[in-house]
Amino acid sequence: MELVFALAIGTLTSTGIYLMLRARTFPVVLGLTLLSYGVNLFLFSTGRLVRDGQPIIGGADIYSDPLPQALVLTAIVIGFAMTAFLVTLALRSHADTGVDHVDGAEQSSTTKESSGREEADQ
Amino acid sequence: MSLALVVMLPFMGAVIAPQFAQAGRTAIAIASSVPSLVALMTLFPYWERLAGGNAVIQHVEWLPQIGLSLSFRLDGLALLFALLILVIGILIILYARYYLKKHENVGKFYSLLLLFQGAMLGIVLSNNLLLMLVFWELTSVVSFLLISFWNHKQDARRGARMALAITGGGGLALMAGVLLIGQIVGSYELEVVLAAGDQIRAHALYPITLALILVGAFTKSAQFPFHFWLPHAMQAPTPVSAYLHSATMVKAGIFLMARLYPALAGTEQWFYMVSFTGMITLLIGAYVAMFKHDLKGLLAHSTVSHLGLITLLFGMGTKLAAVAAVFHVVNHATFKASLFMAAGIIDHETGTRDMRRINGLWRYMPHTATLAMVAAASMAGVPLLNGFISKEMFFAEALELNLPGIWAYLPPLVATLAGIFAVAYSARFIHDVFFNGQPKNLPVFPPHEPPRYMKIPVEILVFACLAVGMFPAFSVGPLLFIAASATLGGEVPDYTLAVAHGFNLPLLMSFAAFSGGLVMYSQRQRFFDFHERFKEIDEKAVFESVVTWVGNLSERVTNKLENGSLQRYALLLFLTAFTVTLWPLTELGFSIGSNELSPVDYPSALGALVLIGAAIGTVVMHRQRLTSLILLSVVGLLVAVAFATFSAPDLALTQLSVEVVTIILLVLSLFYLPAQTPVETTAFTRWRDVGIALAAGIGMTLVTLALLTRPFSSISEFFLENSKPGGGGTNVVNVILVDFRGFDTLGEITVLAIAALGIYSMMKYTKLQAPATDRLGNPWSKDPHPTMLMQISRPLLPLALMVSVFIFLRGHNLPGGGFIAGLITAVALISQYIASGVDWSEQRVKTPYQIVVALGVAIATLTGVGSYAFGYPFLTSWFTYASLPVIGKFELATAMIFDLGVYLTVVGATLLALTSLGKLSDPSTKVSASHNEGGV
């Protein structure tokens, strides 16, 4: 199970980073969300994978580690705030510059030469 | 703190003196000389104590944490330099009164001059090396300002920049060296450092420390290969050249060597670095001086040469040589300052400094000529003048230097050769300027004697040359003795200051220098022709090109790294993070630990597979934004399932509700953003990014695996044990959040509040054009608020609110709490916005959400502060049990009030963020397409 869990975290990291390296704001937001899933799962896993337990006194025979859970709980909420802020930044940048490119301007030369390749990329 | 006063006086003068600028040059000159006079009077009473061989140390703590103190030290060496600075300072002030023209900015000039005087006094009187560094840098800065005093001249600006670059760079090296000394010795106080000489010399860092300090000293004192800045500093007004660039500032490096002599000298490294640098500088300066047609150029190179001589003397390492070095500092200051002043007078009266034009001035200004000739004779080392005595000592020491084998001839030879050059250029200064025919097309003709008072400073200095030259023991003996004793750290060798020591080898060397120098001067045309053959290097051009090259290089590097593209920065960020973490991780090893892997069950494997697939799908479909968003929500839901599977019910609940809010938010933003992402990058870029992403992903997988398969011990035992008895709750996660780590939570909800307010303020005045149709060109639905949705959502609200109250109340003991309850409330309210529109909802929710946010943070904070009232630290919780009919026994805890604050902040922040986005559309589009009220 540990291997599967680690692979899931690795996939979330990879996909998150790849999207964060994209040129448009929306994929970057998606990438950040994926990356925070990965990070949250990783932080959570520092308490090890416990089955059929609870971090609740008297709730179960096995206790799962409550500390990483408390940290991740706030991390999830803060992560939402960060995503919301990033989305707002993206919208504001779109409103101010008219494009949704992260650099605030289209890279005119590359747009032209790549337009023909659009099919190939899909 | 009278020593501190001595240092502060000129600084005060620098502020006050310019106020007298309006009253004329005489008034400001008098005002400017007051600090020097007062300082001299303050120092006078110390003579008795210093003559007894004691040092005066005055100490006030400033920043003891870094070893910086306001501590000042007056001993023989400091006194000697302080007297030079103060006495020559007064003379320069008087001289400058007549040198400066009426229309020039005398206020600025005198202010800077006094600033320099204070900084220089600070260097020589500091007992703390860090304090000295501050003054050291200050002299470099003021020197820069004074060289560029005539800042309309390009040469002056360039010369100033060069001087600042060289001396400032040296200052950095010196700082590093001083910090190393501090590391070795453990203190920056001079008395400690000087006493720790053996410790410093034995330390492994000694060579580098010495080299750094010497770079500082050599740059300041214009030693080869840093000497070239000094001749270019001659663009300064002549009083500045006389004061800073011959008598005092360039001696700061020499002073440093003398000051740290007991701590650093006496090793082979010292000997070779210092003496050979001095030797090369001595020769180069003397040689080049010979060929300079500019009067000040000649004097500048001669200064370089004499500084080399003093450095060489210090480098020799014998005590007698150190005495000679200190002595020559005084002698050089007197004759060179007077020569500069004379050169300034000649420049003033003839309008040029070119020795090919100014000839035969004897006829026009015999008084000045006499003074200049005496000073120049001292520079050449003519007997009965002070230059002669120290030069004899120098020759004697050069002979004493026992280098192995044939090298033993080197120092005396170099000394004699430099002596020959010195005689030749001094002869040129006298003969070319005052004799040798008639002046040729002088800009000012006929030249005449300067104002009476302009000559007085020169006269005083020339008188000093004569007095020291004829009665050395009487005039300068006692001062030299205590200065030498302070330099050497106590023991002064036997030496006699006498006009002549009988017929000996040094005298013979002097004789050789004289005859050789005069012959060389008489045959000067041949030497000039010889010198002409070599292309002269224009240091200024070389320096400028180096500066330009460095500037261009850094600009190229900056442009390469920083091209304004955030996309690129993100790439660099990930690459850096990857590189930085890779190294320590490889040391740890990615190996699988000792714990056995737990078995995989089919539902979990399926869930993981779907999660991985959905994540990859999000990337593959990312150009179709809505599709990839749907896939993303699948990932989020599966993350929540994962939390639930691995015994984290609170996390599962939080993730679930955050997921809903996040997806609504992203869908909302998609309304304004393009629906598709164009292809902009090349295949190479994409594969490069895939490579980076894969590398990071593989790394994370290995790290996670390595982590999960290792045994661990957690501090969580503490929380599990104390949750119930200490925090009064059985849900340990919630007790940690609101009690054990309540302060963290308070910080986190504050961040949440700030983010929400940031979103609100960023969106408040932003207007985005909402598209009139969807991306396929279809018009929006005419019914933005479908009746069914509206009807279902309305009864849902009280139900959802009830659930959130339930979740909130049970949070302390069972999964739930403020965060989750807040998110559930937020989702319930948002559904009303979606179903019934912003206007409808805002008519019913009158409280602005920013108030809710503020209220939440305030409640949480006040709960924390409340514990002060009972004499407990911030955020101490209290709880008891109460019982009510029907409900039974339940718990009351202050942590619950805190959780209420969390709840309100989460509700407020979430809704503030979403409604800010929902209200983005320009109102004008509302009429044509009223869909924007719900946003979605």
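Just a few scattered comments:
- Of all the listed residues (B:Ile208, B:Ile200), the sole one being surrounded by fewer than 16 Cβ atoms within 10 Å (Cβ to Cβ) and not polar (S, T, N, Q) is B:Ile208.
- The set of residues in the range B:21-75 that are in contact with an Asp or Glu (Cβ under 7 Å, 6 or more places away or on another chain) and over 27 Å from B:Ile93 (Cβ atoms) comprises B:Ala55, B:Ile57, B:Ser69, B:Ser71.
- For the range B:132-160, residues that are in a helix (DSSP H, G or I), in contact (Cβ under 8 Å) with a residue 24 or more places away in the chain and among the basic types (Lys, Arg) total 1.
- Residue within the range B:344-356 that is surrounded by fewer than 24 Cβ atoms within 10 Å (Cβ to Cβ), of a type outside the set (D, E, K, R), without any contact (Cβ under 8 Å) to a residue 40 or more places away in the chain and assigned to a helix (DSSP H, G or I) present: no
So that you can scan it fast, the table gives a plain yes or no per residue for (1) free of Cβ contacts under 8 Å to residues at least 12 places away in the same chain; (2) buried (at least 24 other Cβ atoms within 10 Å of the Cβ); (3) over 26 Å from B:His152 (Cα atoms):
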{"position": "B:Leu230", "(1), (2), (3)": "no, yes, no"}
{"position": "B:Ala242", "(1), (2), (3)": "no, yes, no"}
{"position": "B:Tyr261", "(1), (2), (3)": "no, yes, yes"}
{"position": "B:Leu264", "(1), (2), (3)": "no, yes, yes"}
{"position": "B:Thr277", "(1), (2), (3)": "no, no, yes"}
{"position": "B:Ala289", "(1), (2), (3)": "no, yes, yes"}
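- Single residue of the range B:736-761 satisfying the filter (at the interface with chain A (Cβ under 8 Å from one of its Cβ atoms) and without any contact (Cβ under 8 Å) to a residue 40 or more places away in the chain) that is surrounded by the most Cβ atoms within 10 Å (Cβ to Cβ): B:Ile736
- When the residues of the range B:635-677 are filtered to those that are within 7 Å of chain A (Cβ to nearest Cβ) and not in a helix (DSSP H, G or I), the one that is most open to solvent (accessible area, probe 1.4 Å) is B:Pro674.
- Among the candidates B:Gly726, B:Gly699, the residue that is surrounded by fewer than 16 Cβ atoms within 10 Å (Cβ to Cβ), in contact (Cβ under 8 Å) with a residue 12 or more places away in the chain and over 16 Å from B:Tyr903 (Cα atoms) is uniquely B:Gly726.
- Inter-residue pairs, beta-carbon under 6 Å, first closer than 17 Å to B:Tyr760 by Cβ and in the range B:846-873, second polar (S, T, N, Q) and surrounded by fewer than 17 Cβ atoms within 10 Å (Cβ to Cβ), 6+ apart: B:Val857/B:Thr750
- For the range B:1-44, residues that are more than 16 Å from B:Ile88 (Cα to Cα) and open to solvent by 80 Å² or more (accessible area, probe 1.4 Å) total 9.
- Qualifying residue in the range B:625-639 (condition: over 27 Å from B:Pro603 (Cβ atoms) and hydrophobic (A, V, I, L, M, F, W, C)): yes
- The range A:34-45, residues that are open to solvent by 10 Å² or more (accessible area, probe 1.4 Å) and within 8 Å of chain B (Cβ to nearest Cβ): A:Tyr37, A:Asn40, A:Phe42
- Candidates in the range B:472-529 are the residues that are over 43 Å from the mean Cα position of the chain (by Cα) and of a type in the set (D, E, K, R); of these, the one that is most open to solvent (accessible area, probe 1.4 Å) is B:Arg526.
- Wholly enclosed helices (runs of 4 or more DSSP H) of the range B:458-561 bearing at least 3 residues aromatic (Phe, Trp, Tyr): B:505-522, B:524-532
- Near pairs, Cβ below 9 angstrom, 6+ apart or cross-chain, from the range B:539-565 (within 14 Å of chain A (Cβ to nearest Cβ)) to any residue that is open to solvent by 60 Å² or more (accessible area, probe 1.4 Å) and outside any helix (DSSP H, G or I): B:Ser565/A:Gln107
- Of all residues making up the range B:684-724, the number that are more than 7 Å from chain A (Cβ to nearest Cβ), among the polar types (S, T, N, Q) and over 40 Å from the mean Cα position of the chain (by Cα): 2
- Helices (runs of 4 or more DSSP H) contained in the range B:701-803 and holding at least 3 residues out of contact with any Ser or Thr (no Cβ under 7 Å at 6 or more places or on another chain): B:716-722, B:742-764
- Within the range B:754-766, one or more residues are under 30 Å from A:Asp65 (Cα atoms) and in contact with a helix residue (DSSP H, G or I) (Cβ under 6 Å, 6 or more places away or on another chain).
- Identity of the residue in the range B:602-622, over 15 Å from A:Ala6 (Cβ atoms) and facing another protein chain (nearest Cβ under 7 Å), that ends up modelled with the lowest pLDDT: B:His622
- Residue within the range A:58-73 that is within 25 Å of the chain's Cα centre (by Cα), modelled with pLDDT of 90 or more and more than 7 Å from chain B (Cβ to nearest Cβ) present: yes
- Scan of the range B:408-437 for residues that are out of contact with any Gly (no Cβ under 9 Å at 6 or more places or on another chain), crowded, with 19+ Cβ neighbours inside 10 Å and of a type in the set (Phe, Trp, Tyr), ordered by number: B:Phe429
- Exactly one residue among B:Arg73, B:Arg49 is charged (D, E, K, R) and in a helix (DSSP H, G or I), and that residue is B:Arg49.
- Among the residues listed as A:Leu49, A:Leu21, the single one being surrounded by fewer than 24 Cβ atoms within 10 Å (Cβ to Cβ), without any contact (Cβ under 8 Å) to a residue 60 or more places away in the chain and over 13 Å from B:Ile616 (Cα atoms): A:Leu49
- Scanning the range A:11-25 for residues that are facing chain B (nearest Cβ under 7 Å) and under 12 Å from the mean Cα position of the chain (by Cα) returns A:Thr11, A:Leu12, A:Thr13, A:Ser14, A:Thr15, A:Ile17, A:Tyr18, A:Leu19, A:Met20.
The values are calculated or read from the model by the stated rules, or taken from the named source; none is laboratory data. In this text the structure is predicted, and so the values were computed from the model without any measurement. All Cβ positions, even for glycine, are placed from backbone atoms using ideal geometry, and neighbour counts span all protein chains on display. Note: accessible area is taken over every heavy atom of the protein model, side chains too, but ligands, DNA and RNA are not part of it. Shrake-Rupley method; radii C 1.70, N 1.55, O 1.52, S 1.80 Å.
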